[in-house]
Amino acid sequence: MSRRIPLVALAALALSGTLAGCRKPPPKQTEAQQARAVSVAQVEPRAIVGALAASGDLVPREEAAVQPEVTGYRVAAVLADVGQYVKKGQVLVQLDPTLIEAQIAQAEANAEQAASQAARVKGLDKEGVLPEEQIQQRRFQARAAAAQLNDLKTRYSKMSVRAPVSGLILEKTVRPGDLSAGGATPWFRMARDGQIELAANMSEEDLARVRPGQSATVTLPSGAVVQGHVRLISPQIDPQTKLGQARVLLPVSNAVRSGGFGRAVFGDAAGTALAVPESAVRYDADGASLMTVGADNRVHRVLIEAGARGSGLVQIVKGPPAGTRVVANSASLLLEGDLIRPIDAAPHS
């Protein structure tokens with residue numbers, strides 16, 4: 001039995017060697033056969049929609065200042081405060097009328113006396129009873145006294161400082177006891193009708209892509225998003241900053257505060273520029289790049305300067321020329337010099 005076991009083992013080894021000799025090695029694939037099938041697109045002019053954005057300050061569409069029209073009177077009461085919406089003609093400040101009431105009483109007495117003296121000389125012209133000069137003087141004094149009384153009554157009506165327009169009070173500087181004085185800081189600053197707009201700073205090129213009435217989505221620092229529209233476009237460019245403004249009128253809302261900051265995205269702004277699908281652009285430590293496809297179907301990494309984004313496209317500010325084929329996706333899986341089998345990507349709508 002001890003002699004038969006080695007013989008069986010030798011037979012098994014011989015049989016396995018015979019079977020191994022019958023197997024054929026698998027056919028070797030060429031590099032072209034091993035190439036990955038990859039979608040490619042072209043660098044070409046495309047309409048980038050929704051890529052235009054700009055930021056700026058929130059300012060009143062129209063600002064109104066409230067100041068007293070009479071000077072030298074004490075503030076008796078302040079009847080409005082910051083953040084309050086007031087109507088046109090509403091009393092904001094009441095001045096102390098004590099002094100002017102006394103002046104009116106004296107002026108009424110003077111006017112009555114002057115009118116009485118003028119009435120006495122009625123019909124005495126050229127009668128010789130009184131000199132013509134005295135007659136005219138009495139009549140003049142009566143008119144002057146009446147004018148003074150009228151002036152004081154007009155001033156009295158200004159003891160109530162009223163809102164010149166309807167709107168939102170943005171700032172208040174007046175206090176009870178203050179003395180009214182002309183030319184001083186306005187007592188109130190108001191946003192007429194409460195309307196606030198975004199003064200979006202834009203380059204001359206971007207201004208050419210917006211128009212009055214165009215819609216815009218404005219994001220506020222609080223995260224709130226409001227819809228507005230372009231009210232007007234600046235007719236001039238600042239010679240220092242080379243920027244102009246697009247005024248975006250916003251809805252009246254507690255979230256929209258004058259003096260704040262906002263960023264607008266003009267959803268239907270369109271412009272034609274060299275662009276590629278957004279999925280074709282790679283971003284790493286060196287910046288943005290594309291994998292271009294040469295005539296030999298080998299890929300090469302090219303650094304680019306990316307511009308506006310929108311509609312799934314990225315503008316190529318600096319990079320390969322129009323007509324260059326690029327890997328439309330999966331570029332991160334390829335290495336410099338890899339051979340691919342290009343497949344035209346579906347046209348970008």
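Residue check: ARG175 meets all listed conditions (1) surrounded by 12 or more Cβ atoms within 10 Å (Cβ to Cβ); (2) assigned to a loop (DSSP other than H, G, I, E, B) but one, namely (1). Pairs linking a residue in segment 238-259 that is under 12 Å from LEU207 (Cα atoms) to a residue that is of a type in the set (Lys, Arg), with Cβ atoms under 8 Å and 6 or more positions apart or on different chains, are ARG247/ARG61; ARG247/ARG231. Of the candidates ALA191, ALA264, the single residue that is surrounded by 12 or more Cβ atoms within 10 Å (Cβ to Cβ) and closer than 27 Å to PRO45 by Cα is ALA264. Among the residues making up segment 293-349, those that are assigned to a loop (DSSP other than H, G, I, E, B) and among the β-branched types (Val, Ile, Thr) are ILE304, THR324.
Test SER289 against the stated conditions and say whether it is among the hydroxyl-bearing types (Ser, Thr, Tyr) and in contact with a Leu (Cβ under 9 Å, 6 or more places away or on another chain). Considered against the rule, which asks whether it is among the hydroxyl-bearing types (Ser, Thr, Tyr) and in contact with a Leu (Cβ under 9 Å, 6 or more places away or on another chain), SER289 comes out as yes.
Taking segment 16-76 as the region of interest, the strands (runs of 3 or more DSSP E) fully inside it that hold 1 or more residues being modelled with pLDDT under 90 and not polar (S, T, N, Q) are 36-42, 44-49, 52-60.
Let's see how each residue does on (1) part of a strand (DSSP E or B); (2) out of contact with any strand residue (DSSP E or B) (no Cβ under 7 Å at 6 or more places or on another chain); (3) under 15 Å from VAL248 (Cα atoms):
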{"residue": "GLY182", "(1), (2), (3)": "no, yes, no"}
{"residue": "ARG189", "(1), (2), (3)": "yes, no, no"}
{"residue": "GLU205", "(1), (2), (3)": "no, yes, no"}
{"residue": "THR217", "(1), (2), (3)": "yes, no, yes"}
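Only one of the numbered conditions (1) modelled with pLDDT under 90; (2) under 14 Å from VAL59 (Cα atoms); (3) among the small types (Gly, Ala, Ser) is violated by ALA199, and that is (1).
The values are calculated or read from the model by the stated rules, or taken from the named source; none is laboratory data. Note that the structure is predicted; figures quoted are calculated from it, not measured. Reconstructed Cβ throughout: ideal geometry from the backbone, glycine too, with neighbour counts over all protein chains shown.
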